Amino acid sequence: ILYCTADSHLGNAVSDDGMIHWNGRNNVKAVWRWIQRHVENNHSTLSSPVVLHHVLLSGCSSGATGLFYWSLPFLRYFQHLYSRSPSPPSMSVVYDGMIGI
């Protein structure tokens, strides 16, 4: 996800005047659905099934804040998805610059 909607990838609301849309949560859910279509179900448009060797989740600035919230559900999802695989992908999370750190 290229950039958040000023909600650290967590929002799902519209301001009272309808001018501001916080849509970060929906953006993350859209990515999750894409992963399910292309990885979990192997319905990739590629000519061969998708094989993951490494899963890297990363975020910087407000993206790191959102990643702090979303990383555990994503990692658990991949862990479950590959729980019966003889060679599950390695998984890493990189937070960069969250809250001035």
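The values are calculated or read from the model by the stated rules, or taken from the named source; none is laboratory data. Worth saying up front: this structure is predicted, and the values here are computed from it rather than measured. Glycine gets a Cβ as well: all are built from the backbone with ideal geometry, and neighbour counts include every protein chain shown. Accessible surface is based on the protein model in full, side chains and every heavy atom, while ligands, DNA and RNA are left aside. Shrake-Rupley method; radii C 1.70, N 1.55, O 1.52, S 1.80 Å.
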Rounded to the nearest 10 degrees, the helix 62-81 long axis (Cα) sits at an angle to the longest Cα principal axis of the chain of 30
Compactness summary of segment 1-40: radius of gyration and Dmax from Cα atoms, Å, are 11.9, 40
A correct Kirkwood calculation over the Cα atoms of the chain returns a hydrodynamic radius in Å of 15.0
For the chain, the per residue accessible area (1.4 Å probe, Å²) is 70
Relative contact order in percent for the chain (Cα pairs under 8 Å, 6+ apart) equals 26
Once the dipole of the chain is set up from charges on Cβ (+1 Lys and Arg, -1 Asp and Glu), the residue from the list Ser71, Ile1, His54 lying farthest towards its positive end is His54
Longest principal axis of the chain (C-alpha) makes with the long axis of helix 24-35 (C-alpha) an angle, in degrees to the nearest 10, of 10
A 1.4 Å probe over the protein heavy atoms gives the chain a carbon and sulfur accessible-area percentage of 58
Comparing Ser87, Ser58, Ser71 in a Gaussian network model of the chain (Cα, 10 Å), the one with the largest mean-square fluctuation is Ser87
